[in-house]
1. May I ask for the net charge around PRO468, where only other residues with Cβ less than 10 Å from the Cβ of PRO468 are counted and Lys, Arg are +1 while Asp, Glu are -1?
2. Along the Cα→Cβ direction, 7 angstrom out, place labels at ASP11 and LYS309. What is the inter-label distance in nm?
3. Computed FRET efficiency, Cβ-Cβ of ARG328 and ILE253, R0 30 Å: what is it to the nearest 0.05?
4. If R₀ is 60 angstrom, what is the calculated FRET efficiency for the pair GLU286 and LYS33, using the beta carbon separation as r and rounding to 0.05?
5. Distance between Cα centroids, segment 116-142 to segment 180-249: provide it in whole Å.
6. Explain nothing, just compute: Karplus ³J(HN,Hα) = 6.51 cos²θ - 1.76 cosθ + 1.60, θ = phi - 60°, for every residue of segment 385-391 in order, whole Hz, x for Gly and Pro.
7. Given only helices, namely DSSP H runs of n ≥ 4 each adding -39500 (n - 2.57), what is the per-residue ellipticity at 222 nm of the chain, to the nearest 500 deg cm²/dmol?
8. Calculate one ³J(HN,Hα) per residue across segment 266-280 by plugging θ = phi - 60° into the Karplus curve 6.51 cos²θ - 1.76 cosθ + 1.60, and present them in order as whole Hz with x for glycine and proline.
Amino acid sequence: MGLSFSYNRVDQETVSLLKSAIGKNNVSSDEEKLLSYSHDEVPSSAYEGTHMAELLVFPETAGHVSEIMKIASAKRIPVTPRGAGTGLSGGALPAFGGIVMSFEKMNRIIELDEKNLTITVEPGVVTSEISKMAAAHDLLYAGDPCSGDASFIGGNIAENAGGNKVVKYGATGAQVLALEVVLADGTITWFGGKRRKDVTGLDFTHLMAGSEGTLAIITKAVLKLLPLPRHSADLLAAFPDPETAIAFVPQIIKKGGIVPASIEFMDQKALSLAEKYLNYPVPAGEAGAALIIQLEGNDPEILEKEYEKIGNLSKENGAYEVYVADTRTTKERIWQVRKAIPEATSFFYSRYTKEDLVVPTDRVPDLLGKIRDICSAANLEWVTYGHAGDGNMHCTVIGPPADNWHEVLRGVQEKIYSAVIEMGGTLSGEHGIGFKRKSDMKLFLDRKQIELIKRVKLAFDPDNILNPGKMVEWDQ
Ligand code: MLT
Ligand code: ZN
């Protein structure tokens, strides 16, 4: 389905219409701001050309979003919804210019319903604020992306963000019960409700999760809450090498008889980069690889028995040291190491490709082996870390100091992708396709599936004005 779309530029009349619809303080064409709202955390060196917003809008209500969409659709101007800009796929990049819609002013927690165990929020609420509010009521919001202290919940839903607790609780989409959305033509509607079951029609609520702002704009979300586990402990198990660490992962659930909240993996390069970046000796800093295993429970004695069991099992399966963190400070020390890895990588290197691969969990050891073989053969350094419990491994391949580093990395990427496909894996588990990975979709999905994505997109947004230039290529 090869199609092309034409868009109009933002003219003075559009600016005036928008100012009178949502207030002049909610519209900006300030050059510096336009620049800073025109990218996410993908380095600009990853793309050719520049992509700049022509106008920024800061809606305060769903009514404002509706007015903006009515104007944009009448004038055929692209609209790129934007959360906190913490994305890792170029999803918030205004690929065709136009309007960038920031949700920073829609940041209210509207309701915490203790009877139905739900929390209703606007899209600009910082994710960790939701967790804090829930915890203040002895409840758990289980979405836990690594960027949770900065990212907005709207972006988490649009990307179906994963993070550290997917192994037990599922990704962001699994936490969503209902969404208020604004469609491309400005219609405001609700998908889902405060209901735990719903087969009345198609499941639009969960179609929105991971749709990257291409189908409709989220203006409210009703999220699931759970009882807050009263106690938790984090085990940091140090292994001599990545193979031994990763081979232990399936044993944790099977032989341990427990589903941990997190099972995170870090290779030696990841540990040493984090240590260099944090600038202090970190636990397991010298290990060949390490796992963080987080256990939760309500009874401290049972929890202690469980972590002793997992600790012993780790040692039987090759760990040479197991640190147990059960105080706030010791837990923070462990997670600081894990969370520092992406920042450390982008701090020490400017030429790299960051991959977000997923394979069936039993193939993670094969994936690590393939990455090692492919990168070593190309004489390149690499870092592997990530969500071993759900098969989602991040792999950052460092580019060589040569002019053709893009080409070299592309060659390595193609080899890694073929291996991932052979293992029944896929291109992205949580960072999304966005602008960055759209040209690789054809490697992972067949023509028919890509055509279906396009048909669904056009059913929601016939003029393709909502976050165009993302997820799929239209000229093919
Ligand atoms: C992580 O697991 O640390 C996040 O997905 C962020 C990243 O890899 O950059
Ligand atoms: Zn991750």
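Any read-out appearing in this document is the output of simple, stated calculations on the displayed coordinates, not a laboratory observation. None of the values given here were measured: they were computed from a predicted structure. No Cβ is skipped: glycine too gets one built from the backbone with ideal geometry, and neighbour counts run over all protein chains shown.
1. Values: positive: LYS457, LYS470; negative: ASP461, ASP463.
The answer is 0.
2. Going from the ASP11 label point to the LYS309 one covers 7.1 nm.
3. Values: r = 26 Å, r/R0 = 0.88.
Using R0 = 30 Å, I get an efficiency of 0.70.
4. Values: r = 45 Å, r/R0 = 0.75.
That pair, GLU286 with LYS33, gives E of 0.85.
5. Taking the Cα centre of segment 180-249 as reference, the centre of segment 116-142 is 13 Å away.
6. With the stated coefficients, segment 385-391 comes to 7, x, 8, 4, x, 10, x Hz.
7. Details: 15 runs with 169 residues, N = 476.
Helices in the chain give a 222 nm mean residue ellipticity of -11000 deg cm²/dmol.
8. Per-residue couplings from phi come out as 9, 8, 4, 4, 5, 5, 6, 5, 4, 5, 5, 5, 6, 6, 8 Hz.
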